[in-house]
Amino acid sequence: MRIAVAGGKGGTGKTLFAVCLAEYLASPQTVLMDVDVEEPDAVLFFLKTPGFKEIVYRPVPLVNEEKCSHCGYCAGICQFNALVILPEEIMFFPELCHSCRACYYLCPCGAITMGLHPLGEIEEALLANGARIISGCLRIGEPRSPGLIAAVKEREKQASWAIIDCPPGTACPMMEAIRGCDYCLLITEPTPFGAHDLKLSLEAAKLLGIPAGVVINRWRGNDRGIDQVANYAGVPILSRLPLMPELAASYSRGENPLLTFPDLRGLMGEIISQIRGEMQ
Amino acid sequence: MREILVLSGKGGAGKTSICSALISLAGSCLACDYDVDASNLPLLFELSQVQEHSYSGGQVAIIDSDSCILCGLCEQMCVYRAIQEGLVSQLACEGCALCRYICPVDAVRMEARSSGRWFRGQRPDGKPMVYAELRPGEENSGKLVAELKDQARQAALQENLSLVLSDGPAGLGCPVISALTAVDLVLMVAEPGVSGMEDLFRLYELVQKRPTRVALLINKHDLHALGSQRLQNWSREKEIPLLGKIPFSLEVADAIGSGQNPLEIDWFRTIMEDVLEGMQKALQSPIAIK
């Protein structure tokens, strides 16, 4: 089962829950995937043995100066303005390129081949608890993360449990992260921000037809509108984790929450059994 | 005109709450929220006279089913796998127009896609705020941010405001890169925890790629005293002015959550006044060219 841990707003506790669930489900058949590739932090909370490391590339055009007639056709058809052809010079802006290959297919001189532009890295590690973690780390300055997110998810498709730590927001990176998952666990907080962003992430999950459930983190005796948002969307509130300043402090120090606060084990078990129930 | 952008890399570090306090304190400024896929700053101001504008940041292929001969060429060539049996998935299509150029019977046309909306409203102090809403799952958040930046500058010129104060998006991806264009000062808000620090270092590396000034504000500094000390040492080493340290407190969050003005809390107001003063001072310094 592939569970996406998402939630719209940043800092609601996505990584905390992804780490706890992976620890709770720890076995060689469990994998934690950190696809918050702009800020991959889940790995910081585990003891691990580093495994393979791989650079992920995306295709971009390479112009062969000898064949190029500087006709400017490629610049004219590029919808993303990634190519500028001047009489003396060819300029290519990889950060604008969407890797669509239109220039490669349509160049009248056959002067374009496809080269590779680094997107970021994928790193795998074996955790002390027996599970594995696969993290994507976007190259700083690279604007397009979905390709790397897809590459991380592609690495492991056999695991009986895959926990996917997703990026915040509801734009294309978040959609790429939850795509193909069996369940979307949305972590939120009982504030107006939490409620507002939860509404948007529920729309995103619905758009892809993925069943969703809500967890309220830092709960203080009142759902503060989260219940209304969940009810309106027809999704259940699976759990409420009360605000614990000592948990926040321990998490700041990089301690594994489930090992420091064994009581959380019961809560994770409850979330998993509820997801199982929902899926039937 | 000067623009100050609040960023943090990590989400939930307190950007929006801090930015709203700075906006209220500064008063005479244009407020802007670049977090186009989860816009929260407008929730903190009772905006009036909100005008809505639709925004199209790209295009989408449309296949005319009457002329399409279902030859399957476009389906084969589309790297986004956006076409199936002559139908285009709006979500997957990135608008590259390759299908339009290669279609043997000219059955494809490109249409502007609706990517979201942007808004301009008036804050209770009479000054404007601009913000936007990207449609869920849309591409082109960077382009919408660029549009918003244009609108913010136009509005500031109209209203004769010399300062734009902007709340940035989380992460380091395309909306952040776009928001960093022509910014005079980046206020980095950081938490001292292990993930907060990791994210700050990555953010700093990204910000360094642009000619701009930076300053640091530590939030929840007492959650991890050692980490906070490390952050202070780091800022000293990098010669980044540290403008303040905010303790972990539910008082501010509660005030904001229940619609009260957090600046009524004395200690918080004092810190924010120092930060505002520190930012004005930082703006006087020259931009280091790397």
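For region B:1-65, the Cα-based Rg and Dmax, in that order, read 16.5, 58 Å.
Tell me, what is a quarter of the convex hull surface for the C-alpha atoms of chain B, in nm² with one decimal?
So the Cα hull casts an average projection of 17.7 nm².
Dividing the helix sum by the residues of chain B, where each DSSP H run of 4 or more adds -39500 (n - 2.57), gives a mean residue ellipticity at 222 nm of -10500 deg cm²/dmol.
Sorting the Cα pairs of region A:126-184 by distance into bins of 5 Å, from 0 upward, gives 4, 15, 28, 25, 15, 9, 3 percent per bin.
So which cysteines of chain A have no other cysteine's Cβ under 4.7 Å from theirs? Taking the Cβ cut-off of 4.7 Å, the unpaired cysteines of chain A are A:20, A:68, A:71, A:78, A:97, A:107, A:109, A:137, A:166, A:172, A:181, A:184.
For region B:1-96, the set of GluC sites (Glu not before Pro) satisfying both a DSSP loop assignment and a count of at most 16 other C-beta atoms within 10 Å is given as B:46, B:85.
Relative to one another, the C-alpha centroids of region A:81-124 and region A:189-240 are positioned 41 Å apart.
Region B:126-153 and region B:220-290 have their alpha-carbon centroids 26 Å apart. Less than 5 angstrom separates the built amide H of residue B:30 from those of B:163, B:164, B:165, all sequence-distant by 5 or more or on a different chain. Sorted into 10 angstrom bins from 0, the C-alpha pair distances of chain A split as 7, 27, 29, 18, 11, 7, 2, 0 percent.
When the solvent-accessible area of chain B is split by element, carbon and sulfur atoms take up 46 percent of it, the probe being 1.4 Å.
Counting Cβ atoms of other protein chains within 10 Å of each residue's Cβ and taking the mean over peptide A:142-151 gives 2. Past 26 Å, Cα to Cα: identify those pairs from A:9/A:48; A:14/A:199; B:149/B:245, in the order given. Long pairs (Cα-Cα over 26 Å): A:9/A:48; B:149/B:245.
Let me know the whole percent of all Cα-Cα pairs from region A:163-249 that are separated by more than 19 Å.
Percentage above 19 Å: 37.
Three principal axis extents describe the C-alpha atoms of region B:7-119; from largest down they are 63, 33, 17 Å. Listed by chain and number, the aspartates and glutamates whose alpha-carbon sits under 13 Å from that of residue B:238, ignoring those within fewer than 8 places in the same chain, are B:205. Once the gyration tensor of the Cα atoms in region B:77-119 is diagonalised, the equivalent ellipsoid follows with semi-axes of 22, 12, 9 Å, ordered largest first. Computed from backbone phi, the HN-Hα couplings of region A:191-197 come to 9, x, 5, x, 5, 4, 6 Hz, rounded to whole numbers (Karplus: 6.51 cos²θ - 1.76 cosθ + 1.60, θ = phi - 60°; Gly and Pro given as x).
Three principal axis extents of the protein assembly as shown based on alpha-carbon atoms, in descending order, are 68, 60, 46 Å. Other protein chain C-beta atoms within 10 Å of residue C-beta, averaged over A:74-84: 2. The residues of chain B have, on average, 43 Å² of accessible surface per residue, using a 1.4 Å probe with all protein chains present. The residues of region A:28-110 expose, per residue, 51 Å² of accessible area to a 1.4 Å probe. Under the combined filter of DSSP loop state and at most 16 neighbouring Cβ atoms within 10 Å, region A:136-198 retains these GluC sites (Glu not before Pro): A:156.
Stokes-Einstein diffusion of region A:211-251 at 10 °C, 1.306 mPa s viscosity, Kirkwood radius from Cα pairs, rounded to a whole number: 143 µm²/s. Interface residues of region B:48-95, defined as a loss of at least 30 Å² in heavy-atom accessible area between the chain alone and the complex of all protein chains with a 1.4 Å probe, are B:77, B:79, B:80, B:91, B:94.
Each stretch of four or more DSSP H residues adds -39500 (n - 2.57); spread over every residue of chain A, this sum gives -9000 deg cm²/dmol at 222 nm.
Between B:276, B:70, B:44, which gets the highest mean-square fluctuation from a Gaussian network model of chain B, Cα cutoff 10 Å? Per the Cα network of chain B with a 10 Å cutoff, B:70 tops the list. Distances over 18 Å make up what percent of all Cα-Cα pairs in region B:153-289? In whole percent, the long-distance tail amounts to 61.
Taken along its three principal axes, the alpha carbon spread of region B:171-233 comes to 35, 20, 15 Å, from the longest extent down to the shortest. Taking GluC sites (Glu not before Pro) across region A:63-124, the ones in a DSSP loop with at most 16 further Cβ atoms lying within 10 angstrom of their Cβ are A:65, A:66, A:88, A:89, A:95.
The share of C-alpha pairs in region B:225-265 whose separation exceeds 11 Å stands at 70 percent.
Taking amide hydrogens as placed 1.01 Å from N in the peptide plane, the amide H of residue B:11 sits under 5 Å from those of A:11, B:171, each at least 5 positions away in sequence or on another chain.
Computed on protein heavy atoms with a 1.4 Å probe, what is the summed buried accessible area for the chain pair B and A, in Å² to the nearest 100? Buried area between the two chains comes out at roughly 4400 Å².
The values are calculated or read from the model by the stated rules, or taken from the named source; none is laboratory data. Everything numeric in this text was worked out from a predicted model, so none of it was measured. Cβ coordinates were reconstructed from backbone atoms using ideal geometry, including for glycine residues, and neighbour counts include every protein chain displayed. We work out accessible area using only protein heavy atoms, side chains counted, and drop any ligands, DNA or RNA first. Shrake-Rupley method; radii C 1.70, N 1.55, O 1.52, S 1.80 Å.
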